[in-house]
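Shown next, in C-alpha cells, is the structure this report addresses.
The values are calculated or read from the model by the stated rules, or taken from the named source; none is laboratory data. Quick caveat, the model's predicted, so the values are computed rather than measured. Note: ideal-geometry Cβ built from the backbone for every residue, glycine included; neighbour counts use all protein chains shown.
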Amino acid sequence: MKKKIQLTLNGKITTLEVPSHRLLLDLLRDEIGLTGTKEGCGTGDCGACTVFLNGKPVNSCLVLSGELDGTDIVTIEGLKIGPELHPIQKAFIQDGGAQCGYCTPGMLMMSKALLDENPNPTEEEIRFALSGNLCRCTGYAKIIQAVQDAAAELRSKNV
Amino acid sequence: MYQPISLQEASRLLKEHGPGGRFLAGGTDLVIAIKEKGLVPKYVVDLKKIPGLSAIREHADGSVTIGALTTMREVEISPAIIRKFPFLAQSAAEVGSIQIRNRATVGGNMANATPSADVAPGLIALNATAKIVGARGEKTVPLEEFFRGPGQTVMEPDEILTEITIPKTSPQLVGEYIKFSPRDMMDLAYVGVAVTYNLTDINRCSDVRIVLGAVAPTPIRARNSEAILEGQILTAGLAAKVGEETAKECKPISDVRSSADYRRAMVGVMTKRAILNAAAPRNGKVSWCDRRDRRY
C-alpha cells in the first residue's frame, strides 16, 4: 500500500509516494538517491545510517516511511554549510578520522548531535555519545581527536 | 499502516481488521522482529499521532507519570527524573545507543516484555503502575503483575498501555540500578538489579524493594532478601548477606551471554553493590560514564 508523504529533507519540502513499510534508509538511498547514508548492520547496532529525524539522531534503518509525513529529516548531504564543508567534516579530514569511510557519515551526524548539545565534551562524553557508532578501521583515537578539534574550532567561531 | 489520532480509534482499528496487527511505538523492536525474526504483521497501527502519550509529568500529590510514548532518551535527560530518581534516569541511559534511545519508548519496552528490559526493575522497585486502555474500558495494574513471561503481558491484543505512574515517594528514598554486562555499551543486561529503600539518618532501612532483571522469565522481586534488610541498620556485612539470599532467589537460564551459575553469582555481587551504592551520595551527575567508577 503506497502512501503519500510530505517531509522536509535537508531544508527542502519534498512530496513522495512510497510503500509504508519502506525503511527510511532505503527511501533515502534507492528512491531519492542520497547515498551518503550507509547501511552497516541494518539492525540499529552500528550507527552508519544515522540521520536527524525532527532534530534528533536516529538509526534510519529502523524507521518506516509510513511514519514520516510532516517530519524534518537531515542527512549527511545536509551537513555542509553552503558550499563549505562543516567544521566537523574538516576536522575528520585533517585528523585522519576516516579510513575506509563507511562509518564516517554516521560518525559525523552523531558528532554534530553531541556538539549541538555540549560544545565542550570530555573524552568520556565523546565516547559515550559515539558508543552506537562502530568503526572497524581507526580504533577510534583519531575520531575522538577530530571531535575535540571540531569542538574547539566551533567554540572559537562562536565567541 | 494506520495512524489513528485517538486511543478509541486505535482500538477500533484492531477490532475491525482482526488478528495479525501490531502496534508501533518507536519501532526499535518491531522493525527488527520483521527483518530478522520473520514477523509479517498484516497491518501496523502507529500510535505516535495520538496526542498526550509522551510526557513526563509531576503531579501535586507527589506522583510522577511517564507517558507510554516517552522515549528512553527523554527519561535519561528529564530534570524531574534525574532529581527524584537518578537511578531510573541511569537505567534508561543503559539502553542501546543515543540513536536507539531517541526512538525506543518506555511503553514499547514494557509491552514487549523482554526479561532484560533495563527500566522495568527500577519502575517496579518504585511501585509503579501501568494504565491500560482498551475496548472494555480502562484498568490500572501494578507493573509488578504486568509481565507474564518473555514477550507476554496481562494486556489483550487490542489493549494499549498508555501511562506508567510512580506514586509519591518518601524524601528518604534512595535507590540504585546496576546493569551487569561485560561490554560497556550496546549489550543486553546479563543481570539487572534495582534496589530502593528509605534510609534514615542512622542508616536504618525500610520499605526495601529488590527487583531483578534478566534472571527469570519476567522481572522479579526478591522478597526473602528484602525481608532480611527490612528494618535493619545497613552494614557492608548485611548487604553481602542479602546478596547471598538474592542469588538463591533468582531463576536464571543459561544462554549465549552467560551460564545460569555465573548469572546467579553475579546477582549476589550486584545486589550487594546496589544496596551499598544506593546509600552513598551521588555527585549530581548521572550519565553512565560518570557512574562507572562506582560500578566495579
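Here are a few things to note about the model shown:
- Within the stretch A:116-132, if we keep just the residues that are in a helix (DSSP H, G or I) and surrounded by 21 or more Cβ atoms within 10 Å (Cβ to Cβ), the residue that is farthest from the other protein chains (Cβ to nearest Cβ) turns out to be A:ILE126.
- Flag: B:ILE50 does not match the condition of being within 14 Å of chain A (Cβ to nearest Cβ), surrounded by fewer than 20 Cβ atoms within 10 Å (Cβ to Cβ) and within 24 Å of the chain's Cα centre (by Cα).
- Any chance B:GLU138 is free of Cβ contacts under 8 Å to residues at least 24 places away in the same chain, away from chain A (no Cβ under 14 Å) and among the acidic types (Asp, Glu): yes
- Odd one out for A:THR43, checked against (1) surrounded by 19 or more Cβ atoms within 10 Å (Cβ to Cβ); (2) under 22 Å from B:PRO41 (Cβ atoms); (3) hydroxyl-bearing (Ser, Thr, Tyr): (1)
- Of all residues in the stretch B:229-242, those that are of a type in the set (Ser, Thr, Tyr) and assigned to a helix (DSSP H, G or I) total 0.
- For B:SER6: the one exception among (1) of a type in the set (Gly, Ala, Ser); (2) under 26 Å from A:LEU25 (Cα atoms); (3) away from every other protein chain (no Cβ under 12 Å): (2)
- Residue check, A:ALA129 in contact with a helix residue (DSSP H, G or I) (Cβ under 6 Å, 6 or more places away or on another chain) and touching a residue at least 24 places away in the same chain (Cβ under 8 Å): no
- Scanning the stretch B:252-276 for residues that are closer than 23 Å to B:TYR197 by Cα and of a type in the set (D, E, K, R) turns up B:ARG264, B:LYS272, B:ARG273.
- Among the residues of the stretch A:78-100, just one is surrounded by fewer than 19 Cβ atoms within 10 Å (Cβ to Cβ), part of a helix (DSSP H, G or I) and among the aliphatic types (A, V, I, L, M), namely A:ILE93.
- Verdict on B:LYS35 being of a type in the set (D, E, K, R), within 14 Å of chain A (Cβ to nearest Cβ) and either without any contact (Cβ under 8 Å) to a residue 24 or more places away in the chain or not in a loop (DSSP other than H, G, I, E, B) (or both): yes
- Residue count for the stretch B:243-264, restricted to those that are outside any loop (DSSP other than H, G, I, E, B) and under 13 Å from B:LEU212 (Cα atoms): 8
- Of the residues making up the stretch B:180-203, those that are in a strand (DSSP E or B) and over 26 Å from A:PHE128 (Cα atoms) are B:THR196, B:TYR197, B:ASN198, B:LEU199.
- In the stretch A:13-32 there is no residue that is surrounded by fewer than 18 Cβ atoms within 10 Å (Cβ to Cβ), in contact (Cβ under 8 Å) with a residue 60 or more places away in the chain and either not small (Gly, Ala, Ser) or not assigned by TED's automatic domain parsing to the domain that holds A:LEU130 (or both).
- Positions within the stretch A:133-143 being more than 13 Å from chain B (Cβ to nearest Cβ), crowded, with 16+ Cβ neighbours inside 10 Å and more than 16 Å from the chain's Cα centre (by Cα), in sequence order: A:THR138, A:LYS142
- Exclusive hit being more than 23 Å from B:MET185 (Cα to Cα) and touching a helix residue (DSSP H, G or I) at 6+ places or on another chain (Cβ under 7 Å), set B:GLU76, B:GLU145, B:GLU58: B:GLU58
- Filter result for the condition that a residue is under 19 Å from B:LYS48 (Cβ atoms), not assigned by TED's automatic domain parsing to the domain that holds B:ILE210 and not basic (Lys, Arg), over B:THR140, B:THR114, B:THR162: B:THR162
- When the stretch B:53-88 is filtered for residues that are under 26 Å from B:ARG183 (Cβ atoms), part of a helix (DSSP H, G or I) and away from chain A (no Cβ under 14 Å), the ones remaining, listed by number, are B:VAL75, B:ILE81, B:ILE82, B:PRO86, B:PHE87, B:LEU88.
- Residues satisfying the criterion are present in the stretch A:62-75 (criterion: polar (S, T, N, Q), assigned to a loop (DSSP other than H, G, I, E, B) and under 21 Å from A:LYS12 (Cβ atoms)).
- The set of residues from the stretch A:31-47 being acidic (Asp, Glu), more than 9 Å from chain B (Cβ to nearest Cβ) and under 19 Å from A:THR104 (Cβ atoms) comprises just one member, A:GLU39.
- The stretch B:146-167: number of residues that are crowded, with 20+ Cβ neighbours inside 10 Å and either of a type in the set (Ser, Thr, Tyr) or free of Cβ contacts under 8 Å to residues at least 40 places away in the same chain (or both): 3
- Restricting attention to the stretch A:48-77, the residues that are crowded, with 20+ Cβ neighbours inside 10 Å, within 24 Å of B:ASP46 (Cβ to Cβ) and within 13 Å of chain B (Cβ to nearest Cβ) total 17.
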